[in-house]
Amino acid sequence: MSHRIKAAIAAAFAVLAVPASASAATKTVNMGLPTSAQKQFQSAGADVNDFFPHGTTIHVGDSIKFNPTGFHTVDIPNKGAKPLGLFAPAGTTAGVLDAAGAPFWFNAQPLLGFTPALGPPGLFGKKATYTGAKRVESGLPFAEKPKAFTVKFTKAGSYTYYCNIHTGMKGTIKVVSKSHSAPSARADLKTLKAQEASTLKTAKALTKTTVAPGTVSVGASGKGGVESFAMFPATQTVAAGTTVTFSMSAKSYDVHTATFGPGDPENQPTSYLGQLAKHFAEDPVAPSQAAYPSEPPGAVGSLSPTLHGNGFWNSGVLDTASTTPLPNSNSVTFSAPGTYDFYCMIHPFMHGTVVVQ
């Protein structure tokens, strides 16, 4: 047998000896609910602030394609670092007056803008490599239809990644050597479907949320990042002089406000509240009237149709995270009979009513 034939046979067996897992593979992680599952959750008035699947195992040299199915980011910090915060000071509030012409207390307080590192150009539609030495950050999904992006992992280890928008939302990636096994596509799909089923069950249960008298839960939340985007109760009746507390749900990863004032921000975009919600959604710097409580720290407002000249009261942005300075509740006293509608300036479709007798 010639040396040439022997070499050809040896080369052929070398190729056959390489396991299928040795070739680089790409697995998909949805940034939020998979598109195919969203309709079921919408019918329950809910969403899920989690990655689907929550945990993924790949081989060294493989990649993850992050599919933007919701308004989320991916932040994979470098070793020893923490995820970036959503907001950062962006100047100083100045000259903001209420409808009666009086200055709000938060003049001279910082303007709240998005953290610059979350701004354009971002990673959507691109590729990156994660080694642990440098942060990989997707940035905010500003585009109407952001494209998926791919991250290659070159070192074995377990990595936690985060959403900068929803504090507490995180996923895990386990990167193993090629000599170790990783779940098959079929096994990954089974895990994904189990996560969908579990969170849908939680979402349906949240529709029955009840709270103590004199309180309003601004949204409801459950295990696995499940969020119900409604006010609980949607309507309540109280006597004049009653103080009502507006609180975040304990397991929430989201941020909300409870805001009273002229207009329906969802259907009246030129109204007072409509403009606040519009600028909150579209501007790089949040309007201070929506971001901050309308009353000074420690003060409980007395809500009537004349508060701040137009019946305006705002809880300010609320969350449950211990890593931010934001409060998780705020209270107001209803001092005059009437029907008072309130909304979330971040999610203006969230609406509730307090009837004061």
For the stretch 239-357, dividing by residue count, accessible area per residue (probe 1.4 Å) in Å² works out to 40
Taking the Cα atoms of the chain alone, what are Rg (to one decimal) and Dmax (as a whole number) in Å? 24.9, 103
From the residues 123, 357, 113, which one has its Cα farthest along the dipole of the chain in the positive direction, the dipole being from +1 and -1 charges on Cβ of Lys/Arg and Asp/Glu about the Cα centre? 123
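Report the FRET efficiency, 1/(1 + (r/R0)^6), for residue 148 and residue 240, where r is their Cβ-Cβ distance and R0 is 51 Å, rounded to 0.05. Intermediate values should be presented prior to the final figure.
Values: r = 54 Å, r/R0 = 1.06.
The formula returns an efficiency of 0.40 here.
If you take the beta carbon distance between residue 108 and residue 357 as r and set R0 to 51 Å, what does 1/(1 + (r/R0)^6) give as a FRET efficiency, to the nearest 0.05? Write out the running numbers ahead of the final one.
Details: r = 39 Å, r/R0 = 0.77.
That gives a FRET efficiency of 0.85.
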Please report the carbon-and-sulfur percent of the accessible area for the chain; probe 1.4 Å, protein heavy atoms only, DNA, RNA and ligands left out. 59
Rounded to one decimal in nm, the spacing of the 7 Å Cα→Cβ label points at residue 24 and residue 92 is 5.1
Express the Stokes-Einstein translational diffusion coefficient of the stretch 147-212 in µm² s⁻¹, to the nearest whole number, given a Kirkwood radius over alpha-carbon pairs, 20 °C and a viscosity of 1.002 mPa s. 139
Given H placed on each backbone N at 1.01 Å, which residues far from residue 96 in sequence or on other chains put an amide H within less than 5 Å of it? 104
If the cut-off is a Cα-Cα distance under 17 Å, which aspartates and glutamates reach residue 208, setting aside same-chain residues fewer than 8 apart in sequence? 47, 227
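Given a 1.4 Å probe, how much area per residue of the stretch 51-201 is accessible, in Å²? Write out the running numbers ahead of the final one.
Values: 7740 Å² over 151 residues.
In whole numbers, the stretch 51-201 has 51 Å² accessible per residue.
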Report the label-to-label distance for residue 184 and residue 300 in nanometres (one decimal), using points 7 Å from each Cα along the Cα→Cβ vector. 6.3
Quick check of the Kirkwood formula: for the stretch 149-268, what is the inverse mean of 1/r over all pairs of different Cα atoms, in Å? 18.1
By DSSP, what percent of the beta bridges with both residues in the chain are antiparallel, rounded to the nearest 5? 65
Potential extension, residue 283-residue 194 segment - 0.36 nm per residue separation minus Cα distance: 28.2 nm
Kirkwood Rh over Cα pairs of the stretch 192-250 into Stokes-Einstein at 10 °C, 1.306 mPa s: D in µm²/s? 126
Anything over 21 Å Cα to Cα? Flag those among 201/251; 79/193; 39/278; 82/278, in the order listed. 79/193; 39/278; 82/278
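The values are calculated or read from the model by the stated rules, or taken from the named source; none is laboratory data. All values reported here derive from a predicted model rather than from experimental measurement. All Cβ positions, even for glycine, are placed from backbone atoms using ideal geometry, and neighbour counts span all protein chains on display. The area values use the complete protein model at the heavy-atom level, side chains included, leaving out ligands, DNA and RNA. Shrake-Rupley method; radii C 1.70, N 1.55, O 1.52, S 1.80 Å.
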